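The numbers here are math on the coordinates, done by the rules we state, and not lab data. This is a predicted model, so every value here is computed, not measured. As a convention, Cβ positions derive from the backbone with ideal geometry for all residues, glycine included, and neighbour counts pool all protein chains shown.
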């Protein structure tokens, strides 16, 4: 289809060399056990104090033992989530040359549309996917760009064809607003369970620094050899994921890879590197990946709770496992490692 990124053509050298290439940093793509993540009903936070405390302890326990958990009764309706998925399908069915175009007239962020893995050295480092990575405060600009990509060279046409309510009818903005509230609530609970009450996350993680990432994983001709998204840890505080029912999320638990059984009513929460460092290794940022499917496409939407680049990350207790570092320094080191080695080294770079 003309909406699909040219993955096969672009990475044909990797396919040709795949028989002699290997990567010891990735697990083999084999069938693994499918398991449910810990499931937490957030409506219990509105019950009596004893039930609220039990719910909070379950959240902290899951963050310690799994680094991943699922939540239901999270305040985001199934109707909104279904509308979000329908919107994603429309977004990704745009012609490829529209999706990858940068346009100065509409001032849409360069690099927001991403596909494949430009730094791949081996086939196992290739991510068979495409995504829009959008700052939360830039969602309106993103939607404007997509809705009128056929008219971006004619200012008059754009102004005439724009209904006043078109940018407020999308589910992306209310989803981002609600999921941001949820992320702050969970971050506050996790901090309190370590004995720290502070406004650190509210002050550091703003709409201008947090991101919404829309993902699509096309059907893959050789799903046993190629990831949808290669194994990694997230470089934020918290990630909140809404995925469809195709499945494909896998993570490491007790040294083994497991497949996460999809739950249509739940959102998936995972701890990022910054929270592991801030919690002094109490909460775990766990390696995870997305696998591909031979015939089905998969969609997901992820919200990343991120601070500004100037924010300094330091452990909330002593003695500290990690030295102080800014988010900018962390991101720069990740980018350098990916360019040099083809994979992210991560927190071990910042051990005391």
Remind me, relative contact order of the chain in percent, using alpha carbon pairs under 8 angstrom and six or more residues apart? 21
So what does log10 I(q)/I(0) come out to for segment 212-294 at q = 0.20, 0.23, 0.26 Å⁻¹, using the Debye formula with one equal point on every Cα and no solvent? -1.00, -1.23, -1.40
Mean-position separation - Cα centroids, segment 215-262 and segment 285-352, in angstrom: 16
Long-range share for segment 286-352, i.e. C-alpha pairs more than 20 Å apart as a percent of all pairs, stands at 49
Show me the ranking of peptides 320-333, 61-74 by mean Cβ neighbours inside 10 Å, starting with the highest. 61-74, 320-333
Could you sort 172-182, 308-318 so that the peptide with the highest average Cβ count within 10 Å comes first and the rest follow in order? 172-182, 308-318
If each DSSP helix of 4+ residues adds -39,500 (n - 2.57) and the sum is divided by the residues in the chain, what number results at 222 nm, nearest 500 deg cm²/dmol? -9000 deg cm²/dmol
Highest mean packing first, using Cβ neighbours within 10 angstrom, the peptides 122-132, 246-256 sort as 122-132, 246-256
Normalised alpha carbon radius of gyration of the chain [divisor 2.2 N^0.38 Å]: 1.00
